[in-house]
1. So what does the Cα-only Debye profile of the range A:87-204 read at q = 0.13, 0.22 Å⁻¹, as log10 I(q)/I(0), no solvent term?
2. When the C-alpha atoms of the range B:52-183 are aligned to their principal axes, what extent does each axis show, in angstrom, from largest down?
3. So, in Å, what gap is there between the alpha-carbon centers of the range A:258-321 and the range A:66-104?
4. Hey, what did the range B:1-124 get for relative contact order, percent, Cα under 8 Å, at least 6 apart?
5. Could you work out the relative contact order of chain A, using alpha carbon pairs under 8 angstrom and six or more residues apart, expressed as a whole percent?
6. Over all distinct Cα pairs, what is the inverse of the mean 1/r for the protein assembly as shown, reported as the Kirkwood hydrodynamic radius in Å?
7. Taking only Cα atoms and a 10 Å spring cutoff, compute GNM fluctuations for chain A and point out the largest among A:Pro293, A:Pro200, A:Pro50.
8. If you average the C-alpha positions of the range A:117-190 and of the range B:22-56 separately, how far apart do those two centres end up, in angstrom?
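We did not get these values from a lab; they are worked out from the coordinates using the rules stated. Nothing here was measured: the structure is a model prediction, and the numbers come from that model. Cβ placement follows ideal geometry from the backbone for every residue including glycine, while neighbour counts extend to all protein chains displayed.
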Amino acid sequence: MNQFKRFFLSRTTIIFLIMSALTAVTLSALIPQSFLTSSERMLAWQTAHPFAERLSELFGLHRIYTHPAFAVILGGVTISLALSTWNQFLAAWRHTFNPDRGISNGECFSVSGTVADSCRTLAAKGYYRLGGTAEEVLLVRNPWGYWGNTLLHLGMMVTIAASLFIALTQQRGVIHLAERAIRHSSEPLLMEEHGLLAKPLLLPQALRLDRIAYSFWPNHGVRQVASTISFPGDSGTSETKTVEINRILTHRGIRYYQGVEFGHAFFVEVTSRTGDNRLYQLQIQHPETPDKPSYNDFQDLLGDGCLVRSKYWVDAERKSFDNVNPLLTLRLDCRGEEVGQIPIKVGEKGSIGPYKFHLRAFAPWSRLIVVNLSGMPGIFLGFFIICLGGVLHYFTTPREAWVCGATASKSKICWRATKFAGFYQDELASLKKTLGCVENHG
Amino acid sequence: MDKQVAIYVALNWLAVFCYVAATIANVSGVVFRKEVVERRSYYPVWLGLLVQSVAIIYWWRIVGHGPYMAPSEVLSSDAWITMVVFLVFMRFFPRIRLASVVVFPVTFLLIALAIFYNPGIRSLPPTFGSIWLVLHISFYKISLGTLVIALAFSIFFLLKNDRVPSAWMQRLPDPDSIDLYAYRFTGFGFIFWAIGMLAGSIWAYKSWGRFWGWDPVETWSLITWLMFGVYLHLRRFFRVSGRFAAFLFIFCFILSLVSLFVTSHMGSSIHAEYFQ
């Protein structure tokens with residue numbers, strides 16, 4: 001056990017672990033990670049960097065955070081932090097409740113007055129008595145500073161443990177829903193993610209998007225997006241709630257976040273040459289300005305391998321976002337060549353190649369982010385402990401004064417700052433002056 | 001609108017002139033050992049700070065959000081906070097006073113650079129309306145301020161250990177103390193950087209339910225923090241000090257500048273709205 005502790009607490013191991021974590025994170029910043037990069041972009045990167053791609057494939061550098069080596073580094077860091085926290089806890093406890101006699105590496109000087117007089121003066125300067133007898137007393141300014149390092153490392157450990165727990169158990173996904181549409185609980189979520197110990201998220205009940213409200217700044221930047229959702233109950237009644245950006249909705253344990261993505265969904269009826277009719281919903285993001293369109297492509301939408309490309313302006317006259325009278329343009333590309341395109345407004349029809357398109361209706365849509373996770377209080381607690389530890393460690397350095405009787409009318413004081421001693425030379429000089437220093441002992 | 005921009009730019013220029021005057025007086029006071037001149041160099045600093053505060057508040061009222069979107073706002077507020085952080089720390093640690101020969105020029109360079117960007121009005125994206133965002137950004141700015149002070153002491157250390165140090169270097173504390181100041185202010189920067197990063201993750205969780213997204217800005221911020229962690233551990237456990245520590249700090253400082261000002265241009269994420 002001792003060997004195990006010595007290994008994980010050795011300064012070489014600690015530096016090695018930090019350097020390994022640093023290398024892993026740096027590599028993840030330089031090499032596209034598969035969980036963050038679309039397959040098209042990944043393919044483009046692999047084509048552009050064949051050598052790096054081979055290395056990445058060999059060592060699994062495109063999936064660093066799920067690589068066993070990263071788990072080993074993280075495990076090592078956690079063990080080292082845990083042991084170090086415990087050691088530092090013991091040291092802080094000893095300094096606070098069972099301090100050593102005397103001070104090493106301090107500066108000693110004699111002052112006029114008895115031990116009790118010196119203690120009184122030091123107490124007035126913010127020093128607390130931590131130990132000693134009537135003749136020998138240890139006083140410390142900022143004794144809580146002993147706990148800084150303990151808390152700093154404890155906070156990191158709590159944060160890492162909570163992050164790991166969340167990564168393993170979280171469930172999340174995305175819903176794109178048009179106004180007045182219903183999403184049933186059995187439907188799978190878009191961009192679904194779940195931890196190794198969790199199953200894909202299923203919503204506990206259906207939801208209906210009643211209304212989407214959005215507003216813009218004078219320069220057309222998005223100001224706010226809000227969705228009113230109703231949750232139909234078993235008894236026929238429904239519960240209506242609103243979610244907006246920075247105002248989270250929690251319903252039956254699931255957290256709903258309003259995404260910044262929203263726009264218009266177009267309901268297009270397509271009739272093929274054989275006379276088959278089908279209604280498609282084409283969701284396109286809201287344009288950034290009234291004079292510019294917004295685009296979306298739908299690969300193999302019609303089941304013939306062709307690409308349906310779409311764009312729309314909110315206002316067919318391209319003047320304002322207030323006047324919602326959209327103009328949708330559809331284009332069909334087959335085998336890399338344009339077959340044709342049509343601009344249509346609501347109620348209008350047109351043909352491209354063998355297909356007839358009829359724009360039946362449109363409605364706003366928005367993205368809702370759905371999250372089910374626990375463990376965030378652990379992260380917040382860890383953050384709080386780190387901040388507290390950092391403040392105690394760097395801002396409240398303990399200054400120790402050991403006071404003992406030299407003669408009947410004089411006492412000897414040994415003083416030191418436990419860290420950054422050079423910073424407190426002015427304080428020492430001022431202390432000597434206040435105490436009436438009569439003689440230095442080096 | 002043109003008139004408002006003109007007033008804002010004019011106020012910034014006025015602040016630049018104040019800081020330039022302060023820098024000239026301060027550096028000449030330090031180099032030529034004229035204590036009165038050095039002491040008086042703080043008059044234009046206070047004036048510059050006042051003028052810059054007025055400029056920041058004025059622009060805040062016009063654009064309707066704090067100075068953290070457009071490059072001109074970001075750089076100007078970085079300059080302001082760097083100066084304030086220096087003045088506040090100097091109150092508690094008077095021995096850092098000579099760091100002014102680096103802090104003053106950095107301040108005026110930051111604000112001068114801010115003027116070269118178009119101060120156009122940038123509307124605030126809806127997710128940016130959170131107090132956690134304000135804390136997130138503020139702590140990074142404070143961290144930058146403390147790192148500039150640590151940079152000053154790292155540079156001092158290298159200059160003082162030069163074969164023929166300048167005469168004014170005699171006024172600086174001994175090399176060990178200079179090294180210690182660089183170490184401690186890096187520690188302050190490390191803590192403020194951590195708090196900034198943590199506040200950012202709370203903001204992200206409150207805004208879109210994810211406390212960490214591995215976007216380029218987040219990743220490089222973590223890399224910078226880990227690098228400062230390596231620096232602090234090397235100093236504490238391996239007693240690394242002197243020239244190597246000074247050069248290592250300068251490397252970390254450059255990395256922090258890259259994280260703060262370059263990485264937001266690297267990819268599309270929520271951070272891409274910042275400093276564009």
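1. The calculated log intensity ratios at q = 0.13, 0.22 Å⁻¹ are -0.70, -1.21.
2. Reported extents, whole Å, longest axis first: 54, 29, 21.
3. Comparing the Cα centres of the range A:258-321 and the range A:66-104, I get a distance of 58 Å.
4. Details: 143 pairs, mean separation 39.9, N = 124.
That works out to 32 percent.
5. Numbers: 854 pairs, mean separation 91.7, N = 442.
Relative contact order comes out at 21 percent.
6. Numbers: mean 1/r = 0.0335 Å⁻¹.
About 29.9 Å for the protein assembly as shown.
7. So, out of A:Pro293, A:Pro200, A:Pro50, the one fluctuating most is A:Pro50.
8. Answer, in whole Å: 40.
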